[in-house]
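Take a look at the structure set out below.
The values are calculated or read from the model by the stated rules, or taken from the named source; none is laboratory data. Given the structure is predicted, the values throughout are model-derived calculations rather than measurements. Every residue, glycine as well, gets a Cβ built from its backbone with ideal geometry; the counts of neighbours run over all protein chains shown. For accessibility, only protein heavy atoms count, side chains too; no ligands or nucleic acids. Shrake-Rupley method; radii C 1.70, N 1.55, O 1.52, S 1.80 Å.
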Amino acid sequence: MASLTLKTRRFFDGTALQSGRAATISIADERISGIQFDDAAALLQDAPEARVIDATELTILPGLIDAHFHPVSSSFDIASIDRQHPSLRALDARQHLEATLLRGFTTVRDAGGGDIGLVRAIEQGLIRGPRLLLAGKALSQTGGHGDMRPADAFATCGCGYSGALSVVVDGPDETRRAVREQLRQGANHIKIFVSGGVLSPTDPIWMNQFTDDEIRAAVQEAATRRTYVMAHAHTAEAVRRCVRNGVRSVEHGTLMDRQSADEVAAAGAFVVPTLAVVDVLREDVARLPRGAADKLASISDLNSKSVAVCAKAGAKLGFGTDLFGELRARQAQEFAARARIQSPLDVLRSATSVNAELVNQAGQIGTIAAGALADVIGVSGNPLDDLRILAEPERFLKLVIKGGRIIVDRVSGRIQ
């Protein structure tokens, strides 16, 4: 049995900061086997073969979770990704996933575009990436946010649209079939689009998408596998339709009002804001497809207000990024964006224990506790005092462990 011992004086367990006394976190194989305070020396005597990392100068945290992540995301021009060869998309996804793990994200939730091949490649060690929770292809109605055909596209056959990230379905029966197909192919959850979006070519932001019957069909089929639906929804009306029809996870929620936030809270659903993507796109809108800049302007000054409204209503707030292209390297900037609105403690909970609850893995990930998977990171400084520490992983991130395996160890001066 491989064993590892971390010595610390300060760690965040996913809910609260534990500090003021020495602690030893013991890891056996892929799980945390125990946590002992004060009398660390006795524990070390019981496991003399353990590798010991002295992390007493660091703050130890659970591995971070990104709950809105696109493994296939080489460009903000989604139509150009559709034209890439699948092998090229996979190689780009490998690079993206490996860089993500080196930023301290040990689990990511696919929001459309991932496939079982990437999951298997991570499991087999062909990709040194985070744990990937799969959505497969997101579901869109014809002319919806996932339909990337331009208005002047000329169809030479009666085929529908199926791109790199999404597939078009219409009506409850087609929706059921598509959900079943994604689940058959290994999806952990299902993604649908219930409002317009920024990058799609033919739908306004305010547009309602999918009927209530179609939404319920997706929710009902997901429930047969004891899983759930995540739904892209910008407007307050779209958010209300989501939660009234059983959607568990509302993505973006950029135009929410207090009524929609109250309904999310009452339903026990989650909202996953994505603030940094708006921040970085506003710096250079020229990178966006034609027409997308005007859509971005319609939401960019309101998304922070929506997060504040959700927090005030007591809605559960997850943590996601939604970045594409070269901007993926700015994934950790989401921490700085959220710090404008929430306390560091609340943001850290969002990126760990709240996201773990969201993906139905509470107690397994997003926590430092006996029995949990040994996903652990260490940073210099205390992010509960200054959350910007997590926004600069290249400077402050010193230790990354995923499933008991050391990925980064700058404490000892090396990357594994």
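Quick notes
- Qualifying strands (runs of 3 or more DSSP E) (wholly inside segment 217-276; at least 2 residues being small (G, A, S) and touching an Asp or Glu at 6+ places or on another chain (Cβ under 9 Å)): 229-235
- Matching entry among S300, S306 (being buried (at least 20 other Cβ atoms within 10 Å of the Cβ) and among the polar types (S, T, N, Q)): S306
- Evaluation of G125 against (1) out of contact with any Pro (no Cβ under 9 Å at 6 or more places or on another chain); (2) within 15 Å of H70 (Cβ to Cβ); (3) of a type outside the set (A, V, I, L, M, F, W, C) (one fails), failing number: (2)
- Residue count, segment 146-185 (criterion: assigned to a loop (DSSP other than H, G, I, E, B) and either at pLDDT below 90 or within 23 Å of the chain's Cα centre (by Cα) (or both)): 20
- Selection from segment 195-216 of residues that are in a helix (DSSP H, G or I) and either over 22 Å from L134 (Cβ atoms) or touching a Phe, Trp or Tyr at 6+ places or on another chain (Cβ under 6 Å) (or both): D212, D213, R216
- Condition met for A50 (within 30 Å of R290 (Cα to Cα), in contact (Cβ under 8 Å) with a residue 24 or more places away in the chain and touching a strand residue (DSSP E or B) at 6+ places or on another chain (Cβ under 8 Å)): no
- When we screen R109, R103 for residues that are open to solvent by less than 10 Å² (accessible area, probe 1.4 Å), in contact with a Leu (Cβ under 8 Å, 6 or more places away or on another chain) and not β-branched (V, I, T), the only hit is R109.
- Listed by position, the strands (runs of 3 or more DSSP E) inside segment 31-145 whose residues that are touching a helix residue (DSSP H, G or I) at 6+ places or on another chain (Cβ under 9 Å) and at pLDDT 95 or above number at least 1 are 31-37, 58-62, 64-69, 105-110, 131-133, 138-140.
- Checking each residue in segment 199-227 for being open to solvent by less than 20 Å² (accessible area, probe 1.4 Å) and closer than 20 Å to N303 by Cα picks out S200, D203, I205.
- Residue in segment 387-394 that is open to solvent by less than 10 Å² (accessible area, probe 1.4 Å) and β-branched (V, I, T) present: no
- Residue within segment 297-315 that is assigned to a helix (DSSP H, G or I), touching a Leu at 6+ places or on another chain (Cβ under 6 Å), within 19 Å of A231 (Cα to Cα) and hydroxyl-bearing (S, T, Y) present: no
- With respect to the conditions (1) assigned to a helix (DSSP H, G or I); (2) at pLDDT below 95; (3) open to solvent by 10 Å² or more (accessible area, probe 1.4 Å), V280 lacks only one, and its number is (3).
- For segment 239-275, a residue qualifies if it is at positive phi and touching a Ser or Thr at 6+ places or on another chain (Cβ under 7 Å), and the qualifying residues are H252, G253.
- Among the numbered conditions (1) in contact with a strand residue (DSSP E or B) (Cβ under 9 Å, 6 or more places away or on another chain); (2) within 21 Å of A351 (Cβ to Cβ); (3) small (G, A, S), the only one that G113 does not meet is (2).
- Scanning segment 56-76 for residues that are surrounded by fewer than 24 Cβ atoms within 10 Å (Cβ to Cβ) and among the charged types (D, E, K, R) yields one hit, E57.
- Close pairs from segment 297-314: first within 22 Å of A265 (Cβ to Cβ), partner open to solvent by 50 Å² or more (accessible area, probe 1.4 Å) and charged (D, E, K, R), Cβ under 7 Å, at least 6 apart: S304/R340; V309/D257; V309/R258; A313/R258; A313/D262
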